[in-house]
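Report on one structure; see the data block that follows.
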Amino acid sequence: MEDKRRDIYGAKMNSLEEEQLIRCPICEAVNRDQGKKNICRRCHSKIYQHQKFQTEKSWAFLITAIIFYIPANLYPMLVIKQFGNEDGSTILGGVIVLWEMGSYPVALVILFASVFVPLLKFLLLLYLLISVKYSLGNDSKVDKHTLYYITEIIGPWSMIDVFVVAILAGLIHLSSMEMVAGAASTAFALSVFFTIMAANSFDSRLIKGRK
Amino acid sequence: MPLVVYKNFPYTFVLLYQNMKTKITSDQLDELIICHKCHTLHKKVSITNGSKALCKSCKGVLYHRDDSLIEKGLALSITGLILFILANAFPLIKVDILGQEQVISILSMVVRLVESEYYIVALFVVYLVFIFPLMIFLIYITLFFLLKTTKKEQVVEELLILLSKIVPWNMSDIFLISILVSLVKLMGMLEIHIGISFWTLTLFVIIDIYMTRSIHIGELWKIKEEIYMEPK
């Protein structure tokens with residue numbers, strides 16, 4: 001197939017050549033896509049050397065992340081032990097408490113970082129993974145490279161809640177009042193980790209058609 | 001293949017269009033650059049010192065030109081490392097609970113998580129806000145020092161590869177926001193004092209953000225190639 005396209009160079013040559021250039025994710029050098037075995041000509045690192053498993057790796061990480069996201073929302077994130085009472089609050093519970101306290105900006109930050117960002121990342125990755133394999137009607141107007149860039153950029157933001165739990169648990173530990181990390185913190189941290197891994201293992205060569 | 005160059009933004013700007021109708025040969029690959037955001041292919045043009053080249057379609061920064069990048073980078077990374085050490089040497093926050101004082105630093109937070117048997121969370125915290133930032137700044141210092149003295153090309157290459165792998169995992173900036181969020185959560189409940197380390201951590205994060213935004217790893221590779229080519 002590729003050889004045939006190379007033969008008809010002529011008028012279409014320019015766009016064809018552009019399609020064959022890829023960017024090394026490690027050193028940013030422009031490389032010619034050699035298909036199965038791509039070794040960056042500048043830093044000699046392997047570029048997407050998994051022709052047989054183009055999307056499967058990314059799918060595996062994404063599904064793991066989604067599975068971890070469920071307990072992350074069901075179990076308490078932070079447990080407050082006060083005078084013998086144990087009081088655990090989930091992610092959404094924590095947001096509601098903050099909202100009722102009147103700290104709207106912080107409630108919004110947490111809602112954004114722990115609810116919207118993970119969900120948005122799941123949806124974007126699902127869309128990207130499905131759309132590179134099956135045609136979803138007329139989606140040529142969607143700029144998938146920008147969508148991919150967004151998933152890369154917003155990733156770390158979801159860690160806010162985990163860090164907050166770590167800070168509070170580290171700060172307040174007295175016999176009368178104690179804050180302890182809850183089971184959700186582990187699940188949430190793993191969920192964030194696997195979404196970042198899913199985004200990293202996505203083969204951006206699969207997105208065809210630059211503008 | 002268009003390339004927009006904003007010369008000394010925002011004062012004057014020049015638009016440069018390059019029409020590449022000819023075939024791209026393999027020795028021309030060095031003259032090309034693909035935008036990190038939108039993957040548009042551009043041909044590089046030379047720009048003046050202190051200016052930056054922007055992508056035609058998404059206006060993202062493609063590359064800068066800074067003739068004193070190595071000296072600046074070395075100075076900034078040493079400052080960053082000193083600030084990071086200070087940020088870990090003193091307490092970040094201090095609270096008064098029923099007459100008892102409680103302090104926290106990054107490492108004591110990790111110790112506390114390990115004590116309460118949250119090993120995975122502890123591992124994440126120690127890597128994302130302690131080991132990776134420390135490694136990044138140590139790598140920067142070594143890297144700029146080697147580039148300055150033109151020694152050990154092999155080590156420089158390995159460090160650059162390592163750097164590009166760990167930079168996305170550095171979450172000091174997110175950690176700083178988390179501190180602010182926890183302060184708001186505790187406000188009204190307890191008496192809070194902000195420690196010295198909070199301010200040094202803030203300065204560290206500013207330097208960290210500035211460095212990741214102004215030093216592209218692709219540019220370091222290019223500088224490396226230019227520096228080690230000369231003696232031959």
In the stretch B:111-127, the residues that are under 18 Å from B:Ala87 (Cβ atoms) and more than 7 Å from chain A (Cβ to nearest Cβ):
B:Val111, B:Val126, B:Tyr127
Conditions (1) within 13 Å of another protein chain (Cβ to nearest Cβ); (2) surrounded by fewer than 24 Cβ atoms within 10 Å (Cβ to Cβ); number of the one not met by A:Val115
(1)
Which condition number in (1) within 14 Å of chain B (Cβ to nearest Cβ); (2) assigned to a helix (DSSP H, G or I); (3) in contact (Cβ under 8 Å) with a residue 60 or more places away in the chain is the one that A:Lys81 fails?
(2)
When you scan the stretch B:42-150 for strands (runs of 3 or more DSSP E) that lie fully inside it, which ones turn up with 1 or more residues that are in contact with a Cys (Cβ under 7 Å, 6 or more places away or on another chain)?
B:61-64
Would you confirm, using the coordinates I've provided, whether B:Leu134 is more than 10 Å from chain A (Cβ to nearest Cβ), over 23 Å from A:Leu98 (Cβ atoms), surrounded by 15 or more Cβ atoms within 10 Å (Cβ to Cβ) and not hydroxyl-bearing (Ser, Thr, Tyr)?
yes
Among residues belonging to the stretch A:94-104 that are surrounded by fewer than 15 Cβ atoms within 10 Å (Cβ to Cβ), modelled with pLDDT of 85 or more and not β-branched (Val, Ile, Thr), point out the one that is farthest from the chain's Cα centre (by Cα).
A:Glu100
Just to check your reading of the model, which residue among B:Tyr140, B:Tyr118, B:Tyr127 is hydroxyl-bearing (Ser, Thr, Tyr), crowded, with 22+ Cβ neighbours inside 10 Å and modelled with pLDDT of 90 or more?
B:Tyr140
Please find, within the stretch B:164-184, the residue that is farthest from the chain's Cα centre (by Cα) out of those that are more than 7 Å from chain A (Cβ to nearest Cβ) and over 16 Å from B:Ile207 (Cβ atoms).
B:Leu183
Please specify each residue of the stretch B:85-144 satisfying the condition of being among the acidic types (Asp, Glu) and more than 29 Å from A:Phe194 (Cα to Cα).
B:Asp96, B:Glu101
Residues satisfying the stated conditions in the stretch B:79-108, i.e. of a type in the set (S, T, N, Q) and under 23 Å from A:Val164 (Cβ atoms):
B:Asn88, B:Gln100, B:Gln102, B:Ser105, B:Ser108
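If only one of B:Phe84, B:Phe90 is among the aromatic types (Phe, Trp, Tyr) and closer than 24 Å to B:Ser164 by Cα, which one is it?
Numbers: B:Phe90 fails: closer than 24 Å to B:Ser164 by Cα.
It is B:Phe84.
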Please give the number of the condition A:Gly155 fails out of (1) within 15 Å of the chain's Cα centre (by Cα); (2) over 23 Å from B:His39 (Cα atoms).
(2)
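The values are calculated or read from the model by the stated rules, or taken from the named source; none is laboratory data. Note that the structure is predicted; figures quoted are calculated from it, not measured. Reconstructed Cβ throughout: ideal geometry from the backbone, glycine too, with neighbour counts over all protein chains shown.
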